[in-house]
Amino acid sequence: MANPVSDINSPVQNIPVYRAEDFRVTCGANLGDAIAPLDDLMADDVYTLSQNATRQRLALCATSQGRFLVADASELGTPDAALHLDCTLELMTPDGQITDALVLVEVDDADNIAGVYLLPLAPLLAQMEYSLVSMDRASAHKKFAQIACVSFTRGTHITLGSGAQKRIENLTVGDKVLTRDDGVQMVRWIGQSTVRAMGDLAPIVITAGTLNNTGDLVVSPDHRMFIYQRSDQMGAGQPEVLVKARHLVNGATVYVQQGGFVEYFQILFDAHHIIYAEGIAAESMLVDPRTRPALPTELLEKLGEVLPGHRHGDSHGLDLQKALLERPDAIDLLRRASLR
């Protein structure tokens, strides 16, 4: 049997979650109980986030069989333990504001519950009352896929094979796009979704010139930029690195754009490619167990197990860890390193 840890088919994803005990029923049938798997929940129970609750990093990865595991160096959970996306919750504040959240369950080798975690898709406020309006299992994987998918926003200029620039919302299936790794490639599918620009779904703005981009580049938080370093000034150990947009946030030249709604677009090719957006290199959508639920059913039926070229999401370079970017000159070093 293959070792599940060595059979990983997706990049490690870090999600900020609350422990179950941080979010308890303060009024209702399950008074005093912490948030739990769907079968133990009751609609109309009112939950409150503890005053001292803090979000902690749950690192996860997915195997080619579609299993989710706790990844190494996770702040929560046991490495290699199985994780299940249990359900989606719809929570409502007293003034009628709706917040979605996901419940994740960690199990041990005997399939006993070892931990329950809450991933809110918008910020939760301590001491605020949240009524549990609804819960369901069917939408959990699709909601999670919205976080995992790398997405561009409306207005982003994509470089075509001809060198021309085309706004992402005007791209069509069959358009030929320039890729860094494999020349000109045809677009297989374009996804589009509109979500609240809050929490882990709020886009990151990389302002014009920050990484030598010609215009503001606005992307989903985990979207990775490709940087080729002529000299290893970041200490990565290799010249080709991938940097998540969220790890570049400095509140000035790179910032989170919270509030309202954001329209996200995903570009899918027959392989995972590095394309050019606003003049800089960024990844296209990677099909893996996390992101497959974002694809329409009719497309999934045509794809088979995995699209060619989507088996290894790290083939374009090393994922640059946040620790290497926690220095005041990090963005300047990356900008200079990305100059052609």
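The values are calculated or read from the model by the stated rules, or taken from the named source; none is laboratory data. What you are looking at is a predicted structure, and each value in this text was computed from that prediction instead of being measured. Cβ atoms come from the backbone with ideal geometry, glycine included; neighbour counts cover every protein chain shown. Side chains included, ligands, DNA and RNA excluded: accessible areas come from the protein's heavy atoms. Shrake-Rupley method; radii C 1.70, N 1.55, O 1.52, S 1.80 Å.
Condition check: out of contact with any strand residue (DSSP E or B) (no Cβ under 7 Å at 6 or more places or on another chain), on the phi < 0 side of the Ramachandran plot and acidic (Asp, Glu). Does residue 216 satisfy that?
Taking the combined requirement at face value, the residue does not satisfy it.
Taking the condition in contact with a Lys or Arg (Cβ under 7 Å, 6 or more places away or on another chain) and modelled with pLDDT of 95 or more, does residue 93 pass?
No, not satisfied.
For region 59-91, give me the residue count where each residue is in a strand (DSSP E or B), in contact with a helix residue (DSSP H, G or I) (Cβ under 7 Å, 6 or more places away or on another chain) and over 12 Å from residue 290 (Cα atoms).
Number of matching residues: 3.
If you take the residues of region 259-280 that are more than 24 Å from residue 197 (Cα to Cα) and among the aliphatic types (A, V, I, L, M), which of them is modelled with the highest pLDDT?
275
Of the residues in region 106-146, how many are within 19 Å of the chain's Cα centre (by Cα) and open to solvent by less than 10 Å² (accessible area, probe 1.4 Å)?
Number satisfying all stated conditions: 6.
So residue 145 ticks every box in (1) out of contact with any strand residue (DSSP E or B) (no Cβ under 8 Å at 6 or more places or on another chain); (2) under 30 Å from residue 226 (Cα atoms); (3) assigned to a loop (DSSP other than H, G, I, E, B) but one. Which box is left unticked?
Result: residue 145 fails condition (3) only.
What number of residues within region 168-198 satisfy the criterion of being surrounded by fewer than 16 Cβ atoms within 10 Å (Cβ to Cβ) and in contact with a Gly (Cβ under 6 Å, 6 or more places away or on another chain)?
Selection size over region 168-198: 3.
It is to be established whether one or more residues within region 249-259 are open to solvent by less than 50 Å² (accessible area, probe 1.4 Å), within 19 Å of residue 149 (Cβ to Cβ) and not polar (S, T, N, Q).
Within region 249-259, not a single residue is open to solvent by less than 50 Å² (accessible area, probe 1.4 Å), within 19 Å of residue 149 (Cβ to Cβ) and not polar (S, T, N, Q).
Any idea which residue in region 106-133 is farthest from residue 75 (Cα to Cα), counting only those that are aliphatic (A, V, I, L, M) and part of a loop (DSSP other than H, G, I, E, B)?
128
Scan region 38-52 residue by residue and report those that are under 13 Å from residue 135 (Cβ atoms), open to solvent by 20 Å² or more (accessible area, probe 1.4 Å) and outside any helix (DSSP H, G or I).
42, 43, 44
If you check residue 230 against the conditions, is it at pLDDT below 90 and in contact with a Ser or Thr (Cβ under 8 Å, 6 or more places away or on another chain)?
When the stated conditions are applied, residue 230 does not pass them.
Anything in region 64-76 that is open to solvent by less than 70 Å² (accessible area, probe 1.4 Å) and farther than 18 Å from residue 140 by Cβ? List them, or say none.
Once the filter is applied, which keeps residues that are open to solvent by less than 70 Å² (accessible area, probe 1.4 Å) and farther than 18 Å from residue 140 by Cβ, region 64-76 yields 64, 71, 74, 76.
Do any strands (runs of 3 or more DSSP E) entirely within region 159-212 hold 3 or more residues that are of a type in the set (A, V, I, L, M, F, W, C), and if so, which?
Filter on region 159-212 gives 189-196, 204-206.
Criterion first (touching an Asp or Glu at 6+ places or on another chain (Cβ under 8 Å), open to solvent by less than 50 Å² (accessible area, probe 1.4 Å) and either small (Gly, Ala, Ser) or in a strand (DSSP E or B) (or both)) does residue 29 satisfy it?
So residue 29 does not fit the description; no.
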